[in-house]
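Structure first, then comments.
The values are calculated or read from the model by the stated rules, or taken from the named source; none is laboratory data. This structure is a prediction, so every number in the text was calculated from the model and none was measured. Because the Cβ atoms are built from the backbone with ideal geometry, glycine has one as well, and the counts that use them run over all protein chains shown. Accessible surface areas use protein heavy atoms only, side chains included; no ligands, DNA or RNA. Shrake-Rupley method; radii C 1.70, N 1.55, O 1.52, S 1.80 Å.
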Amino acid sequence: MMTEQLVRLGSRESSLALAQTHQVAEALRQQWPALQVEIHTFKTQGDIILDTALSKAGDKGLFVKELEVALLERQIDVAVHSMKDMPGAFPDGLALVSFGEREDARDVLVSKNSVPFEALPAGAVVGTSSLRREAQLRRLRPDLTYQVIRGNLQTRYRKLEEGPYEAIVLAAAGIRRLGWQDRITQAFDAWEQSIPAVAQGILGLEFRVEDGRIRNLIQPLLRPAVEVARLAERAVLTTLAGGCQLPLGAYCRPCEYGYEMKGVVLSVDGTEAVYAYTTFEAPDAVAAGQRLAQDLLQQGGKAILDVIRPA
C-alpha cells in the first residue's frame with residue numbers, strides 16, 4: 001500500500017546497482033527518519049545481452065528502460081541510475097536530477113600483477129566495454145590489442161584472472177562504490193588522457209514530473225555543483241544526439257572562473273580526435289554544454305560522427 005511515509009526505489013539487480021541504491025535509501029532515511037524505504041529490483045536488457053558489444057546492442061536505454069516503465073506504471077517512485085547510462089532523451093512525464101556528491105569520474109586500469117599502462121608489453125590484450133575508452137587509449141598506446149569485455153564488475157574481474165586479458169579499464173566510481181579501490185592499478189587523467197563519459201561518477205534519480213512529494217523528499221539530497229556538471233555534460237550529449245555507441249566524452253569541473261568543461265569526439269580507431277573547451281557560470285550550464293557540442297561538430301566532430309552512426 002502506498003502511504004505518505006513510503007518511498008519505493010527501483011534498481012538494477014547487479015551488486016553495484018544495489019550498492020548505489022542502498023546509498024540513496026540510507027540518505028533518505030537520514031534526512032527523513034520517519035520515512036519507510038523499499039528497494040525493488042529489475043533486470044534490464046543491458047543485463048541480459050552480455051555476448052554483444054554495447055555499441056552493437058542498441059542505445060543507452062539498455063540499462064534504464066525497464067526502470068522507466070516501472071516508474072510510469074507506478075510500480076516504483078524513484079529509479080536510481082548510474083547517470084552515464086542515461087540516454088540523452090527520456091520519456092515524457094519523467095524528470096531527472098543528481099544525487100549527492102560526484103564520485104571519482106576517472107577511468108582506471110586494473111591489470112595483472114599491477115603492471116601500469118605504460119609498462120604493458122606491446123600486443124597485450126586490454127579489455128573494455130566502451131568505444132570512448134578504447135579510442136582514447138589507442139591514442140596513448142596504439143601498440144596494444146583492445147577487446148570487448150562485458151558483464152558486471154565481478155564477472156570482468158574473473159575474466160581478467162582467467163582470460164587472455166592483461167588488463168581491463170573501468171570507471172573508478174563503480175569500483176570505489178563497491179569498496180574495491182585497492183584493486184586499481186592506476187587512474188587516467190580525466191582532462192589529458194581519458195575524458196570520461198558524460199556524467200560518469202554521478203548517480204541519477206528519475207521520478208514522475210507530477211510527483212511533488214518525491215521532488216520535495218529528494219531536494220535536500222542534491223548538491224549544486226554536481227547538478228551544474230550534470231546539466232552541462234548532458235547538454236553536450238543531447239546536442240550531439242549521442243549514446244554509449246559513440247566515442248565521445250565531456251567533463252565539467254569547478255575552476256576560478258566558475259566552471260570549465262572539456263569535450264571530445266573520436267573516431268573508433270582513435271586516429272582522429274576533436275577537442276573543445278569552454279568556461280561558464282552555473283546559470284549557463286545548459287547553454288555552455290550546447291555551445292561546446294556545436295564547437296565539436298564544427299571543428300570536425302560532425303564528419304567523424306557521420307561515419308560512425310551508419311555503422
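What to note about this one:
- Loop-located chymotrypsin sites (Phe, Trp or Tyr not before Pro) in region 184-223 whose Cβ has at most 15 other Cβ within 10 Å (DSSP): Trp191
- Distance in nm between pseudo-label sites at Ala241 and Asp269 (7 Å out along the Cβ direction from Cα): 2.6
- Solvent-accessible area per residue for the chain (1.4 angstrom probe, square angstrom): 43
- Computed log₁₀ I(q)/I(0) - Debye formula, equal Cα scatterers, no solvent, region 99-138, q 0.18, 0.26 Å⁻¹: -0.63, -1.05
- With 0.36 nm allotted per residue and the present C-alpha distance subtracted, the Ala95-Gln181 stretch has 27.8 nm of extension available.
- Exposed loop sites are taken as trypsin sites (Lys or Arg not before Pro) in a DSSP loop (any state but H, G, I, E or B) with at most 15 other beta carbon atoms within 10 Å; the longest stretch of the chain without one runs 75-311.
- Of Val126, Val115, Val228, the one that fluctuates the most in a GNM where the chain has Cα springs shorter than 10 Å: Val115
- Max mean-square fluctuation residue, GNM over the chain, Cα-Cα springs under 10 Å, options Pro33, Pro116, Pro247: Pro33
- Extension gain for Ser114 to Arg223 (0.36 nm times residue separation, less C-alpha to C-alpha distance): 35.7 nm.
- Full extension of the segment from Gln147 to His22, taken as 0.36 nm per residue of separation minus the current Cα-Cα distance, would add 41.7 nm.
- Accessible surface of region 51-181 [probe 1.4 Å, protein heavy atoms]: carbon and sulfur percent: 47
- Cross-link pairs Lys112/Lys159; Lys84/Lys262; Lys84/Lys112; Lys43/Lys112 - those with Cα-Cα distance over 19 Å: Lys84/Lys112; Lys43/Lys112
- The chain: most fluctuating residue of Asp284, Asp269, Asp92 per GNM, C-alpha cutoff 10 Å: Asp92
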